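Every read-out reported here was derived from the displayed coordinates using simple, explicitly stated rules and does not represent laboratory data. Please read all numbers here as calculations on a predicted model, not as lab measurements. Positions of Cβ are generated from backbone atoms using ideal geometry, with glycine treated the same way; all protein chains shown enter the neighbour counts.
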Amino acid sequence: MKIAPTIEGGLKIEPESEEDWYVLRAICQDAKGGENDLASRMGDLITDEKISEDWNDIVVPDLRESFWDDLHHVSAEIDSAAAFAKHEEAAIWITQDDAPNWYSALNQARLALEEAHHFGNELEIEIEKFGPVQREAFFRNQFYCALQSFILERVMNC
């Protein structure tokens, strides 16, 4: 997979294999996480009963909708590019306008992977002790982190 900055201030992602497409599609699959979505999991962190009830009634629905909108946006971009992959050069363009959607989707995926696999501190990770599923998830997590960094540095100019 090639990732390069564009003249317009965005990023161009060029998947080169089925594995690349798999990793890109996994962003949204990983982001969906387990039983509870990220908005609900964030609400679960509030321990004060009154605040928690208000949070779940008022904030969670809007937060959930925002998170889902980001995932749908990213999924549509990937599916659109993949539709042309067999006929011509397929590229995914991340513009300044849709960079927040991508950043959010990647962040959701990384949080869900951490919750599922408990990778912890990167300096203490012993990859050789991981099973195949956890190792694959770890490498996807690392890719998501790198892509988020590119988006921050090259597109969002942070």
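A DSSP coil position with no more than 15 other Cβ atoms inside 10 Å describes the following trypsin sites (Lys or Arg not before Pro) in segment 26-131: K86.
Using +1 at the Cβ of each Lys and Arg and -1 at the Cβ of each Asp and Glu in segment 2-155, identify which of L106, S66, I125 lies farthest towards the dipole's positive end. Of the options given, the answer is I125.
With all projection directions averaged, the alpha carbon convex hull of segment 2-155 covers 10.8 nm².
Full extension of the segment from Q96 to E124, taken as 0.36 nm per residue of separation minus the current Cα-Cα distance, would add 6.6 nm. Applying a DSSP loop filter and a limit of 15 other Cβ atoms within 10 Å to the chymotrypsin sites (Phe, Trp or Tyr not before Pro) in segment 45-126 leaves F84. The angle between the Cα long axis of helix 132-150 and the main principal axis of the chain comes to about 80°, on a 0 to 90 degree scale. Taking the number of Cβ atoms within 10 Å of each Cβ as an exposure proxy, the fewest-first ranking of H72, H118 is H118, H72. Once the Cα atoms of helix 60-83 and of the chain are each reduced to a long axis, what angle between those two axes, in degrees from 0 to 90 to the nearest 10, is obtained? Helix 60-83 sits roughly 20 degrees off the main axis of the chain.
Dipole magnitude for the chain: about 400 debye, using +1 per Lys or Arg Cβ and -1 per Asp or Glu Cβ, origin at the Cα centre.
For the chain, the mean residue ellipticity at 222 nm estimated from helices alone is -18500 deg cm²/dmol, where every DSSP H run of n ≥ 4 contributes -39500 (n - 2.57) and the total is divided by all residues, rounded to the nearest 500. Rounded to the nearest 10 degrees, the angle from helix 18-32 to the longest Cα principal axis of the chain is 20 degrees. Pairs of lysine residues in the chain that meet both criteria, 8 or more places apart or on different chains and Cα atoms under 29 Å apart, total 8.
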